[in-house]
Amino acid sequence: MRKKFVAGNWKMFTHAAAARQLASAVAHGLGNDKRVSVAVCPPFPYLSAVAEALKGGSVALGAQNCYHEKEGAFTGEVSPAMLVDVGCRYVILGHSERRQKLGESDAFINRKVHAALAAGLEVILCLGETLEERQSHRTETVLETQLNGSLAGIEANSLRRVVLAYEPVWAIGTGQNATPQQAQDAHAFLRGKIRARFGEETASALPIQYGGSVKPDNAAILFAQPDVDGGLIGGASLNADSFLAIVRAALGEPAA
Ligand code: PEP
């Protein structure tokens with residue numbers, strides 16, 4: 001059985017003291033519980049401070065992006081090796097905010113996926129359709145294109161270090177989550193595509209998170225779907241109590 005995985009994407013929020021405090025509260029709340037995997041992904045400037053706050057606990061550290069080159073004259077960019085160096089285990093790639101607001105293509109994301117995996121990171125790869133794409137019945141085509149493009153040239157053994165996050169764009173930060181059935185359908189579709197390309201063993205081991213307005217009151221029903229293996233949490237991860245309630249929901253415990 002796949003272990004549930006709940007990750008907090010703090011986006012461009014917090015400041016140094018708040019980041020440290022939030023990380024400590026999450027680490028303290030989780031204790032040494034290893035039944036669920038938990039990660040927090042703060043902004044770059046606070047990675048080291050958060051790494052320090054998480055030391056010795058069960059909460060892993062993730063970053064929200066990286067560049068695909070190892071080093072060089074790339075002003076403002078951060079390499080996968082630098083993320084490893086400051087204690088990151090995960091990196092989020094392909095988030096819709098980067099696809100949409102910063103124009104990231106599948107080919108560009110694919111270069112980062114290769115580089116991140118080569119550096120030893122685990123990748124949380126985000127995929128998802130816009131409202132217009134869903135309404136024009138193109139959800140599956142979009143997901144398949146993003147999946148194939150982002151994972152081009154990736155071998156089955158590397159896929160053990162990839163987590164997919166299905167994040168319908170229309171559900172991110174809108175308060176309008178996908179229904180459990182919509183999430184399950186998209187996850188089952190993605191798992192089916194992974195199965196067809198990489199085989200049953202890889203597909204059944206692959207965690208697929210749902211992301212998009214997950215809150216303490218809707219997490220349990222979403223996570224109860226057979227192909228939903230936890231969540232990538234934006235807004236609700238900025239408050240330790242609500243994030244921990246979502247973690248409890250992943251354990252099948254009462255959220256509140
Ligand atoms: C996200 O940014 O990945 C996300 C899912 O945000 P929210 O939970 O706020 O919708």
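If you average the alpha carbon positions of segment 27-60 and of segment 75-120, how far apart do those two centres end up, in angstrom?
20 Å
For segment 120-256, give the magnitude of the charge dipole about the Cα centre (Cβ charges: +1 Lys/Arg, -1 Asp/Glu; no others), in debye to the nearest 20.
120 debye
Just to check I understand the Karplus step: with θ = phi - 60° and J = 6.51 cos²θ - 1.76 cosθ + 1.60, what whole-Hz values come out for segment 180-187, glycine and proline as x?
Each residue's phi maps through the Karplus curve to give x, 5, 4, 5, 4, 4, 5, 5 Hz.
How many percent of all Cα-Cα pairs in segment 1-152 sit more than 21 Å apart?
Roughly 49 percent, once rounded to a whole number.
Using 0.36 nm per residue, how much length does the chain from Ala51 to Ala18 gain when fully extended, once their Cα-Cα distance is taken away?
That works out to 10.5 nm of additional length.
Taking all protein chains in place and a 1.4 Å probe, what share, in percent, of the accessible surface of segment 200-256 do carbon and sulfur account for?
Result for segment 200-256: 55 percent of the exposed heavy-atom area is carbon or sulfur.
Please name whichever of Gly192, Ser158, Ala60 sits farthest to the positive end of the charge dipole of the chain, dipole taken about the Cα centre and charges placed at Cβ: Lys and Arg +1, Asp and Glu -1.
Result: Ala60.
Tell me, what ³J(HN,Hα) does each residue in segment 103-109 have, in order and in whole Hz, if you take phi through Karplus 6.51 cos²θ - 1.76 cosθ + 1.60 with θ = phi - 60° and put x for Gly and Pro?
Each residue of segment 103-109 in turn: x, 6, 9, 4, 5, 5, 4 Hz.
Expressed as a whole number of Å, what is the distance separating the alpha-carbon centroids of segment 188-256 and segment 122-163?
16 Å
5 Å is the cut-off here: which amide hydrogens, built 1.01 Å from N in the peptide plane, fall below it relative to Gly230, excluding neighbours closer than 5 in sequence?
Result for Gly230 returns Phe5, Tyr210.
Per-residue HN-Hα couplings for segment 53-66, Karplus 6.51 cos²θ - 1.76 cosθ + 1.60 at θ = phi - 60°, whole Hz, x for Gly and Pro?
5, 8, 3, x, x, 9, 8, 8, 9, x, 10, 9, 5, 7
Can you send over the solvent-accessible area of Thr202, 1.4 Å probe, protein chains only, in Å² to the nearest 10?
30 Å²
For labels at Glu71 and Ala118 in the simple 7 Å Cα→Cβ model, what's the distance in nm?
Simple spin-label model gives 1.5 nm for this pair.
Using +1 on the beta carbon of Lys and Arg, -1 on that of Asp and Glu, and nothing else charged, what's the dipole of segment 5-250 about the Cα centre, debye to 20?
For segment 5-250, the charge dipole is close to 320 debye.
Report the Stokes-Einstein translational diffusion coefficient (µm² s⁻¹, integer) for segment 28-109, Rh taken as the Kirkwood radius over Cα pairs, at 10 °C with viscosity 1.306 mPa s.
114 µm²/s
If exposed means no more than 13 neighbouring beta carbons inside 10 Å and the site is in a DSSP loop, what's the longest run of the chain without any exposed GluC sites (Glu not before Pro)?
The segment 156-256 is the longest one with no such site.
What number, rounded to the nearest 500 deg cm²/dmol, is the helix-based mean residue ellipticity at 222 nm of the chain, given -39500 (n - 2.57) per DSSP H run of at least four residues and division by all its residues?
The helix-only estimate for the chain comes to -12000 deg cm²/dmol at 222 nm.
Using a 7 Å offset from the Cα along the Cα-to-Cβ direction at both Ser204 and Lys34, what is the distance between the two label points in nm, to one decimal?
Here the modelled spin labels are 2.4 nm apart.
Binning at 5 angstrom from zero up to the longest distance, how are the C-alpha pair distances of the chain distributed in percent?
Per 5 Å bin, starting at 0, the Cα pair percentages come out as 1, 7, 14, 19, 21, 18, 13, 6, 1, 0, 0.
The values are calculated or read from the model by the stated rules, or taken from the named source; none is laboratory data. Here the structure is a predicted model, which means the values were calculated and not measured. Because the Cβ atoms are built from the backbone with ideal geometry, glycine has one as well, and the counts that use them run over all protein chains shown. Remember, those area values only see protein heavy atoms, side chains included, never the ligands or the DNA or RNA. Shrake-Rupley method; radii C 1.70, N 1.55, O 1.52, S 1.80 Å.
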